[in-house]
Structures are given as structure tokens and as C-alpha cells.
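In what follows, a structure is listed as C-alpha cells, so that the remarks can point back to it.
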Amino acid sequence: MNPSFREILELLNKYEVEYIVVGGVAAVIQGAPITTFDLDALVRISDDNASRLSLALDELDARYREHQSTIKPTKEDILAGGHLLLLTRAGPLDVLGFIGDKDRYEDLVHLSSEVAMTIGKFRVLDLEELIRQKKATDRPKDRAVIELLEEALLHHRQKD
């Protein structure tokens, strides 16, 4: 795993943020041979979680990626439940209030698994659901990796 992603995950865990790793990093953790350049975290939208996430983002010196922004995300931005595309001192981080067809943390937590690494435990969206989400989104960049994800899922099932 990219060292910068490790640092971001460590800080999310340090502040006990409720999140699910989705997207490319979730695929890589589960054995898919893909490259990804940002960490996508689907977060629970609640007042307490937004407070904890704000502390983590402050420590990461998070700012909006658009136009080399100096604007920092606020707790209110998090509570709005949209997508925050951020650049941190540890690399790009997308804080997502929903994915796909408005699926929120609460909708997908049961379709994720807890992963334990040296940086701590965190939830990762299961490959089956990741594939379903990418098929539903039907963007060219998602279609390009579906076959790789399906092969990783097949390999993962054969190991079990």
C-alpha cells in the first residue's frame, strides 16, 4: 500500500472516524492488480463523526484539490454529505458522503469487511459490492477495471 495512504488511514483510525475504504485502494487491499492515485473513504454522516473527521483532516492539512486551493474543508462541508476532493500532506483523499446511487455508509457497512493491518483495523468494501457499484456507475474508467476486479474476486473465492 502506498505509504501516504497508510498515514491517512492511521490518522482516520487515531480519531476513530467511521469510514469504509472504497474504490481503488479497496480493490488493491483485496488483491486486484490495479493502480490508484487517491484514497476514497465513504464516511458516516453524523455530527460526532464529522467532528472526529475534522480533527483528522486538520492534522493532515487537508485542502480542496481544485485549482491548488488553500480552502480547508469544514465540519459543515462534511455534514452536507457530498464529495470532498482533498489534497493532504500525505496525498489525495476523497471523502465521500455517498457512492453509486446515493448509497451511504449505513447502506453499505454490512457489505464491507474489517481488515486488520499494522496501522489498525478499518472497513473495506467487499469486492462483490465494489464490482456492482462500478457496473452501476458505468463510467469508462470503471468499465476498464471491472474485468480485473472480477478476476481478483474469482481468485479470492478460490482461496476460501
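Here are the numbers for this structure:
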{"item": "Cα gyration tensor shape of region 1-142, rounded if a/c is under 1.5, else prolate or oblate by comparing a/b with b/c", "result": "rounded"}
{"item": "Relative contact order (percent, whole number), region 1-157, Cα cutoff 8 Å, 6+ residue spacing", "result": "26 percent"}
{"item": "Residues of type aspartates and glutamates that LYS135 reaches as a straight line, Cα spacing below 17 Å, ignoring anything fewer than 8 places off in the same chain", "result": "ASP101, ASP103, ASP126, GLU147, GLU150, GLU151"}
{"item": "Estimated inter-spin distance, SER69 and ARG89, nm [label 7 Å along Cα→Cβ]", "result": "2.0 nm"}
{"item": "Whole-number percent relative contact order across region 14-60, with pairs defined as alpha carbons under 8 Å at least 6 apart", "result": "47 percent"}
{"item": "In Å², nearest 10: area of LEU130 left accessible to a 1.4 Å probe", "result": "10 Å²"}
{"item": "Amide H partners (placed H, <5 Å) of SER112, local residues excluded", "result": "ASP126"}
{"item": "Farthest toward positive dipole pole in region 71-141 [+1 Lys/Arg, -1 Asp/Glu at C-beta], among VAL115, LEU86, LEU96", "result": "LEU86"}
{"item": "Global form of region 1-73, assessed from the alpha-carbon gyration tensor, a/c cut-off 1.5", "result": "oblate"}
{"item": "Spin-label zone in region 71-95 - amide nitrogen under 16 Å from a point set 7 Å from the Cα of LYS102 along the C-beta vector", "result": "80-83"}
{"item": "Debye, to nearest 20: dipole size of region 8-130, +1 on Lys, Arg Cβ, -1 on Asp, Glu Cβ", "result": "360 debye"}
{"item": "Among beta bridges that DSSP assigns inside the chain, antiparallel share in %, nearest 5", "result": "75 percent"}
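The values are calculated or read from the model by the stated rules, or taken from the named source; none is laboratory data. Predicted model, so just to flag it, every value in this text is computed and none were measured. All Cβ positions, glycine included, derive from the backbone under ideal geometry; neighbour counts span all protein chains shown. Only protein heavy atoms, including side chains, enter the accessible area calculation; ligands, DNA and RNA are left aside. Shrake-Rupley method; radii C 1.70, N 1.55, O 1.52, S 1.80 Å.
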